[in-house]
1. Kindly put A:Lys29, B:Lys88 in sequence by how many other C-beta atoms sit within 10 Å of each C-beta, fewest to most.
2. Please arrange A:Asp124, B:Asp84 by counting, for each residue, the other beta carbons lying within 10 Å of its beta carbon, fewest first.
3. A:Thr51 label points, 7 Å along Cα→Cβ, one per copy: pairwise distances from this copy to the rest in nm, shortest first?
4. Pick out which of B:Glu120, B:Glu36, B:Glu136 has the largest mean-square fluctuation in a Gaussian network model of chain B, springs linking Cα atoms closer than 10 Å.
5. With no solvent and one equal point scatterer per Cα, compute the Debye intensity ratio I(q)/I(0) for the protein assembly as shown at 0.11, 0.14, 0.15 Å⁻¹ and report its log10, rounded to two decimals.
6. Using helices alone, what [θ] at 222 nm do you get for chain A, with -39,500 (n - 2.57) per DSSP H run of 4 or more residues, divided over all residues and rounded to the nearest 500?
7. Under 5 Å between amide hydrogens, which residues at least 5 positions from A:Ser21 or on another chain qualify, with H placed 1.01 Å from N in the peptide plane?
8. Taking chain B as a Gaussian network, Cα atoms linked when under 10 Å apart, which of B:Ser21, B:Ser68, B:Ser112 shows the biggest mean-square fluctuation?
There are 2 protein chains.
Amino acid sequence: MLSNASKYAIRSILYLATNSSEDHKISVKVIAEDLETPQSFLAKLLQQLTTNKLVSSAKGPHGGFYLSAKNRKKSLWDIIKCIDGGEKFNQCFLGLSECNDVNPCPAHAIVSPFKKQILENFRDKTIGQYADESLEKGTYLTLKELEI
Amino acid sequence: MLSNASKYAIRSILYLATNSSEDHKISVKVIAEDLETPQSFLAKLLQQLTTNKLVSSAKGPHGGFYLSAKNRKKSLWDIIKCIDGGEKFNQCFLGLSECNDVNPCPAHAIVSPFKKQILENFRDKTIGQYADESLEKGTYLTLKELEI
DNA sequence: TCTAAAGTATGATTTTTATCATATATTTCA
DNA sequence: TGAAATATATGATAAAAATCATACTTTAGA
């Protein structure tokens with residue numbers, strides 16, 4: 001479904017949402033170690049996310065990445081758009097370029113409603129809300145968190 | 001979601017379900033032209049599908065591919081398993097290897113029910129049923145069919 | 001029995017995605 | 001003011017997916 005890039009990006013941002021603040025920036029090195037993702041790949045991704053205002057950063061000692069209040073207002077969908085492009089949830093399951101409610105492929109009827117609902121959820125809920133809910137529900141972002 | 005390979009495979013099989021029979025085999029060339037897919041790639045795929053008894057074939061003049069009654073009893077899920085592997089609907093949306101109802105990632109709650117329902121549909125409905133329904137509903141398998 | 005029309009088998013190439021590496025620019029703090 | 005810690009920029013490499021190409025085998029039909 002999503003590219004690794006998008007997956008890493010989402011996990012990083014949700015991680016920053018619960019662990020960082022303007023007073024507590026986190027370096028790529030630490031993020032990559034905590035999330036168990038390739039560091040230089042993540043560095044590139046975070047750059048891209050920073051350029052697109054989804055993440056904030058500061059150079060130098062005690063620098064690093066963090067989420068500002070504004071950043072927390074963004075959505076998962078914003079992240080996906082930024083990395084994989086805005087067509088991700090608009091693509092036909094069987095790869096046809098014109099599949100839609102009027103001219104559906106054979107899988108359209110079963111797949112389409114789900115895509116719509118997931119897209120809505122990803123578009124309408126903010127990163128901040130997602131992070132809060134995740135804290136309540138106790139979700140996890142890396143396998144490390146599963147070790148007892 | 002699916003690889004191009006799986007998409008082509010599903011489209012080919014649904015195409016054969018409505019257009020072929022033991023008495024009317026269809027060559028890769030024709031299938032590829034009708035579905036607008038790369039011919040040699042499709043040839044490889046059809047081989048794999050034939051090996052795995054999802055499609056039937058005959059060599060020589062008037063040979064080609066077709067679906068037997070048995071082939072029609074298979075499911076979309078069988079095709080996906082054959083090409084992309086059986087983990088396709090079992091993978092965590094954020095790429096974690098252990099994500100499940102007990103230890104969910106932040107996206108699990110929203111994504112998981114949909115995956116389950118789609119998987120069920122794909123697993124429980126036969127190719128034959130899919131093809132019949134598609135005929136009734138008037139779905140399409142290639143953009144060509146949209147041209148007036 | 002020869003020829004042409006098919007599938008079958010295998011490997012080469014291209015494209016995309018993912019990953020790795022290295023050099024540069026800033027900034028804090030001693 | 002200079003050294004170390006950080007992000008930034010860019011390009012190189014590796015791996016996977018998709019595509020292309022070529023030679024071989026089987027079979028119907030003249």
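A short reminder: the numbers here are calculations on the coordinates, not readings from a lab. Since this is a predicted model, take the numbers as computed values, not measurements. For neighbour counting, all protein chains shown are included, and Cβ atoms are generated from backbone atoms with ideal geometry for every residue, glycine included.
1. Fewest-to-most Cβ neighbours within 10 Å comes out as A:Lys29, B:Lys88.
2. Final ranking by Cβ density, sparse to dense: A:Asp124, B:Asp84.
3. For A:Thr51, the inter-copy label distances come out at 4.2 nm.
4. Residue with maximal mean-square fluctuation among B:Glu120, B:Glu36, B:Glu136: B:Glu136.
5. -0.74, -1.00, -1.08
6. Helices in chain A give a 222 nm mean residue ellipticity of -16000 deg cm²/dmol.
7. A:Leu67
8. Per the Cα network of chain B with a 10 Å cutoff, B:Ser112 tops the list.
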